[in-house]
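**Student:** Below: one structure in structure tokens.
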Amino acid sequence: MAIKVGDKIPDATVSRMTSEGPKAITTGELFDGKKVVLFALPGAFTPTCSNQHLPGFLKHADEILKKGVSKIACLSVNDAFVMGAWGKDQGVGDKILMLADGSGAFTKALGLSLDLSAHGMGERSTRYAMIVDNRVVKFLGIESNPGVATESSAEKVLGAL
């Protein structure tokens, strides 16, 4: 069953790329006592993700952060090396935290996994965006079609903040 507004983010560990290599980060470290915008997508370097979804959050990052958001995070079922390289390619700097859910465990715990095996991509994340306040989901925009980013767009998140 998929997470919904009012639910608490489950305990999990994801990773991020640092100058020393991949580093684990828990959902507690990420969400406890903070307001966080988390958006997830099926895959780094894929068309909608690279041309629309991530660039939208990068474009609106300052506006989102001015609304009391502590952190904007981008999550994908990829490894930390891929997410780090994609973040560099997209020029995210320190505006967006690039998170890797390599095994998809966090994505499965949220009930937001997507089977793209027919397209050679395996189990991935559904495209979504959420606003989380002290670990509680306050807004959740899930896409029914992974090839579009409307319900999970930065503009939709800004409107909900």
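**Student:** Considering only residues of the stretch 5-24 that are buried (at least 18 other Cβ atoms within 10 Å of the Cβ) and β-branched (Val, Ile, Thr), which is farthest from Leu75 (Cα to Cα)?
**Tutor:** Ile9
**Student:** Follow-up. So, in the stretch 123-159, of the ones that are outside any loop (DSSP other than H, G, I, E, B) and free of Cβ contacts under 8 Å to residues at least 60 places away in the same chain, which residue ends up farthest from Ile96 (Cα to Cα)?
**Tutor:** Glu123
**Student:** For the list (1) surrounded by 16 or more Cβ atoms within 10 Å (Cβ to Cβ); (2) in contact with a Lys or Arg (Cβ under 9 Å, 6 or more places away or on another chain); (3) modelled with pLDDT of 95 or more, I need the number of the one condition that Asn134 fails.
**Tutor:** (1)
**Student:** For residues that are more than 16 Å from Gly141 (Cβ to Cβ) and aliphatic (A, V, I, L, M), scanning just the stretch 28-76, find the one that is modelled with the lowest pLDDT.
**Tutor:** Here the residue is Ala44.
**Student:** Which members of the stretch 97-120 meet the condition of being in contact with a helix residue (DSSP H, G or I) (Cβ under 6 Å, 6 or more places away or on another chain) and at pLDDT 95 or above?
**Tutor:** Within the stretch 97-120, Met98, Ala100, Asp101 meet the criteria.
**Student:** Of all residues in the stretch 6-41, count the ones that are under 23 Å from His119 (Cβ atoms) and in contact with a Leu (Cβ under 6 Å, 6 or more places away or on another chain).
**Tutor:** The number of residues fulfilling the criteria is 1.
The values are calculated or read from the model by the stated rules, or taken from the named source; none is laboratory data. For clarity, every value in this text was computed on a predicted model and none was experimentally measured. With ideal geometry, Cβ positions are generated from the backbone for all residues, glycine too; neighbour counts draw on all protein chains shown.
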